[in-house]
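What follows is a short report on a single structure.
Values in this text are rule-based calculations from the coordinates and carry no lab data. Quick caveat, the model's predicted, so the values are computed rather than measured. In this analysis, Cβ positions are derived from the backbone assuming ideal geometry, glycine residues included, and neighbour counts consider all displayed protein chains.
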Amino acid sequence: MPYLTTAGLALRSAMATDPFQPASGSLALGALETTDIPVDLSSSSYRTLYRVVTGPIEPGDMLDIDADARVTNNVGYPGGVRYTVGVGWHLWIYDYDNPLKTAGPWWRISAFSGENVTVDMHHMPLHISTLYRMPADWPSGHRPVVVLRADAHSTAWNSNGGADTLDVDPGYGQLTVRHWAPPPAI
């Protein structure tokens, strides 16, 4: 694999897209994992939108992450109560090589992002990016899984019986992880 180097670091990339976007050569590793997010009163009922399993990572390596998705507020359509839905989205990591996988510890690696998608707004793009340095206690050679998660919440969540969902739109998202590490010795 060729390396792009800058400031003594080499670049390796991985990307998760959904099946409606063109593949990026060998970088397309995943797909949109959910097309709806349940609307509830809590802002902690996250759903995974995209995930990328990276290659082996060393403590101190940098992950440069960009993620996009789009949600649509069709709550109550047709014939039900229409209302504003709050959306929160953020980036997380867990250790793929941990035997517990998703049941093991997760680390939030970005700031929380959030906004209300109103009935009139209807479609709302979600974007987030971060530069994350792997901690000194990261197990050498383990593969982090980078995850874009989101939740949907509203004080009106029970207006239509409590089963409303916010749509996650296929064809509008991706998760790109660029791994910066010292270049291999020549």
Cα shape, segment 17-167, gyration tensor, a/c 1.5 rule: prolate
Per residue convex hull volume, Cα atoms of segment 104-186, in Å³: 167
Distance-filtered residues of segment 144-161 - backbone nitrogen under 18 Å, label point 7 angstrom along Asp36 Cα→Cβ: 150-154, 156-161
Estimated vicinal HN-Hα couplings, Hz - segment 127-144 in sequence order (Karplus 6.51, -1.76, 1.60; Gly, Pro = x): 9, 7, 8, 7, 10, 10, 8, 5, x, 4, 8, 5, x, 3, x, 6, 9, x
Cα centroid of segment 93-112 to Cα centroid of segment 117-139, whole Å: 15
